[in-house]
Amino acid sequence: MVDHRWRLLGHLRLYCNASCIAAMFAGSLILCGWVFHIRPLMLVFPGSGVMNANTALGQIFLGLSLWLLLPDPPRRMRRFFGLFFGVLAASIGAITLIEFIFGVNLRFDQILYNKYAGSLTTTLPVRMAPSTASTLLALGLALLLLDWNTPRGRRPAQELSLWGALVAIMSLSGYIYKAESLYRFFSYSETAVHTAIILFLMSAAIFFARPRAGIAGDLTGRFMGSEMARRILPAVLILPILLGWIRVLGQRAGLFGTELGLALNTTVNVATLSILLWFNARKLNNAEESLEAVRETGKVHYDASVRDELTGLYNRRGFLTFAEQQIELACSGRRELLVVFADVDDLKAINDGYGHPEGDLALKKTADVLLTVFRDTDIVARMGGDEFAVLALDCSPTGLVRINAHFDKLLRTMNDLNRLWKLSISVGTIHVDSLHPLSINDLLSEADKMMYERKRARILVASK
């Protein structure tokens, strides 16, 4: 089947590939800086921290791993090497975390390059930040679990990738607000700007690597909830950071103090989110109205396909459709079934003597009689021309006697009120139980035979 989200999914696949290339390119560039001792390549952004060589390697491994695993499913060799590079990336983060947790120096960060050891004003030389190490570990594990579903349908890989996005946003916010404690873990080392950017790109790429499943599937879905989430998410990610940055600029410029700045920032956030909520609620309401109109139009078209235009009863198609369902219900529940076949006598004479409008009126009155005699749950239909059919569940032979009496009484009352012509209806009935099921066509055929036998008998009586 064609997935109507193909454009969105195509853009996400393009983003994932671009993120992989960016991670591999940036990591390779920084490694070149370490190999050839080019400090600007390590810094990338003036005033930012130096990216650790192991961090650069980890980013390269993340990019390679995801690029190999992106096809769904990947080929065997691509999957093997993709998982291999994922293990390498996770191992780099895990070893660094072990050094931090147990307070040991395994000299893992100096294996490749130690020329710049001590170049940073940190107590642990040239070691990546703990937040960066935890992100490498989380993203490496996410790549290993990329195609694994829990019994409840959750995707642990997507949940792990969110940790990297959170760390990256926290570090970038620290640089934007010049809050050093946000991007520096205690007094050890800091997360460089370019590290935070690449980790954020890779976190989002891993999150959307399987866009039809898990949390990503909730965002890329074709229903209104997913569409609303796609509209709100960019604003939720960007607006709070932007408004906070404006508030910090105002405070530093001396326009207001901390308390007033906090109050203004809170007020603007509430107002902005309220406007977004209103805007999306309006969009959802408009979409719901459009869907309601479509449903109403579809209902009208459906009714037109199963209803007789003149009498409002079911037509042949509607009768056969619903009658089959009722027969299945009768057979499954061992319930009795009554089929009635009716024919308007001398309809041609009414049309010829009084005109077709009177003939149409005779058909409408026949429909009224049948609707009055039978229950709302029974299926009453005009099969075509002057022929009518009824199917009723749970109608016993005793009930059939009462139906015939009511039918004759109602017909006499209606004819007493009409001075132009008399309405005469011939009826054939067949009563069956679930032990002797028949198809609806067989039932109609049997009822039709009985109707013509009764009509012939009445004509013979009238001729004598």
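The values are calculated or read from the model by the stated rules, or taken from the named source; none is laboratory data. Only a predicted model underlies this, so the values are computations on that prediction, with no experimental measurement involved. Cβ atoms come from the backbone with ideal geometry, glycine included; neighbour counts cover every protein chain shown.
Some values worked out for this structure:
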{"item": "Cross-chain or 6+ apart pairs with Cβ under 7 Å, segment 415-440 first and farther than 20 Å from THR398 by Cα, then among the basic types (Lys, Arg) and at pLDDT 85 or above", "result": "ASN415/LYS422; LEU423/LYS365"}
{"item": "Strands (runs of 3 or more DSSP E) wholly inside segment 363-460 containing at least 1 residues that are surrounded by 12 or more Cβ atoms within 10 Å (Cβ to Cβ) and charged (D, E, K, R)", "result": "379-384, 387-393"}
{"item": "Which numbered condition THR311 fails, given (1) assigned by TED's automatic domain parsing to the domain that holds ASP433; (2) surrounded by 15 or more Cβ atoms within 10 Å (Cβ to Cβ)", "result": "(1)"}
{"item": "Given (1) within 30 Å of LEU391 (Cβ to Cβ); (2) polar (S, T, N, Q); (3) surrounded by 13 or more Cβ atoms within 10 Å (Cβ to Cβ), number of the condition SER226 does not satisfy", "result": "(1)"}
{"item": "Flag for ASP346 being on the phi > 0 side of the Ramachandran plot and surrounded by fewer than 17 Cβ atoms within 10 Å (Cβ to Cβ)", "result": "yes"}
{"item": "Set LEU64, LEU8, LEU14: member being modelled with pLDDT under 90 and either within 34 Å of the chain's Cα centre (by Cα) or surrounded by 18 or more Cβ atoms within 10 Å (Cβ to Cβ) (or both)", "result": "LEU8"}
{"item": "Complete set of residues in segment 415-444 that are modelled with pLDDT under 80 and under 19 Å from LEU370 (Cα atoms)", "result": "ASN418"}
{"item": "Flag for ASN285 being touching a helix residue (DSSP H, G or I) at 6+ places or on another chain (Cβ under 6 Å), modelled with pLDDT under 85 and not in a loop (DSSP other than H, G, I, E, B)", "result": "no"}
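For (1) out of contact with any strand residue (DSSP E or B) (no Cβ under 8 Å at 6 or more places or on another chain); (2) without any contact (Cβ under 8 Å) to a residue 24 or more places away in the chain; (3) among the aromatic types (Phe, Trp, Tyr), each residue gets a yes or a no:
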{"position": "SER274", "(1), (2), (3)": "yes, yes, no"}
{"position": "TRP278", "(1), (2), (3)": "yes, yes, yes"}
{"position": "ALA293", "(1), (2), (3)": "yes, yes, no"}
{"position": "GLU296", "(1), (2), (3)": "yes, yes, no"}
{"position": "ARG307", "(1), (2), (3)": "no, yes, no"}
{"position": "ARG335", "(1), (2), (3)": "no, no, no"}
{"position": "LEU338", "(1), (2), (3)": "no, no, no"}
{"position": "VAL344", "(1), (2), (3)": "no, no, no"}
